[in-house]
Amino acid sequence: MERSSPGHALTSHGALALRFSECQVYDATVNDRYGADVLSGDWRIPKSGRAVRTREIAAESGLVVEEMETGWCGAVVRVEKAGGMQVVHLEDRRGRSRGFPLGPGFLLDGAPVILTAPTAAARAAARQAKDAASRTASGSRAVEGVRARVASGSRIFVEGKHDAELIEKVWGDDLRIEAVVVEMLDGVDDLAAVIRDFQPAPGRRLGVLVDHLVPGTKESRLVQEARAVSRYAPYVKILGHPYVDVWQSVRPERLGLESWPVIPRGMSWKHGIVAELGWPHRTQSDIAHAWNRILATVRTYADLEPTLLASVEELIDFVTTQE
């Protein structure tokens, strides 16, 4: 499934400006490389007497250099062939771009360098980084300049705050462009009543994500009862994941674990997990802080278990179907 989501510009002149501190400011004696007498010595040899060799460096995108002849300082934005020669384009802090012949005549951190064409590996890495930057945490393609939309009649219900926060972090951009709101249930004990109160209909679909939805559990029985409300069945989809809590849908390796610890029956699962992680766990504030630490390890959909991914993606597809 390929969805587009609102994102941010791939290049920000404001962000680029922060990097132009790398360009050095020189006094008149430095700009006059040879001093009063052009035969007095090599301008590249500092006062210490230790020779500075001009080194070659690939003109990779984002590299900030100064062109020595003109003093133009900018970040490399591209290298291309023009007029039978290779040209490097530098973008300054104001967003202006200027091209220069690729080769010698540049300064990097105050030292002379020879710019060379990026290697195939560097170009591939740049393309990969650009593609990653143009996608949201869910893997959907980002779209610029999308205005906020009025929420649709359809909704996705989740069991609690942590479920909602996780979905927002990974799928928030997708849901905003689709104008779908996620709401909390605080449990599924009254799920059938929730469906009746919502009154699903065409253009007003309801998706529900349930924790610990495995055969023989209380949750599976409640879901069966909710699905029996046949009047609304065509406009309701209830899916879940097998984990005791949505915390477990985060891949354990993100926390440096091989697997999530097994907590004995009768013990609070979350308190047990936090204790196993060696974090403070006595108060509810400790548990909330622990969840924030776990959530912070989630960068993209790749940090979540496939079972959760499949359920959430299917629910989004369902509630955004125009019927």
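We did not get these values from a lab; they are worked out from the coordinates using the rules stated. Keep in mind it's a predicted model, so treat the numbers as computed, not measured. So basically every Cβ, Gly included, is an ideal-geometry build from the backbone, and we count neighbours across all protein chains shown.
Which whole-angstrom value gives the distance between the alpha carbon centres of segment 218-250 and segment 186-213?
What the calculation gives is 8 Å, centre to centre.
Under a Cβ-only charge scheme (Lys and Arg +1, Asp and Glu -1), can you give me the dipole magnitude of segment 141-319 about the Cα centre, in debye to the nearest 20?
320 debye
What is the calculated FRET efficiency for Ser285 to Gln199, with r their C-beta to C-beta distance and R₀ = 45 Å, to the nearest 0.05? Display every interim value, and only then the final one.
On the way: r = 38 Å, r/R0 = 0.86.
The pair Ser285/Gln199 has a calculated efficiency of 0.70.
Note down the nm distance, to one decimal, between modelled labels 7 Å out along Cα→Cβ at Ile114 and at Ser259.
5.8 nm
Just the number, please: Stokes-Einstein D of segment 232-279 in µm²/s, Kirkwood Rh from C-alpha pairs, 10 °C, 1.306 mPa s.
Stokes-Einstein gives a translational diffusion coefficient of 125 µm²/s.
Given axes a ≥ b ≥ c from the Cα gyration tensor, I'd like to know whether segment 141-319 is rounded (a/c under 1.5), prolate (a/b larger than b/c) or oblate.
It is oblate, given that a/c is not under 1.5 and a/b is not larger than b/c.
Once each part is reduced to its C-alpha centroid, what is the distance from segment 264-298 to segment 84-109 in angstrom?
Between the Cα centre of segment 264-298 and that of segment 84-109, the gap is 52 Å.
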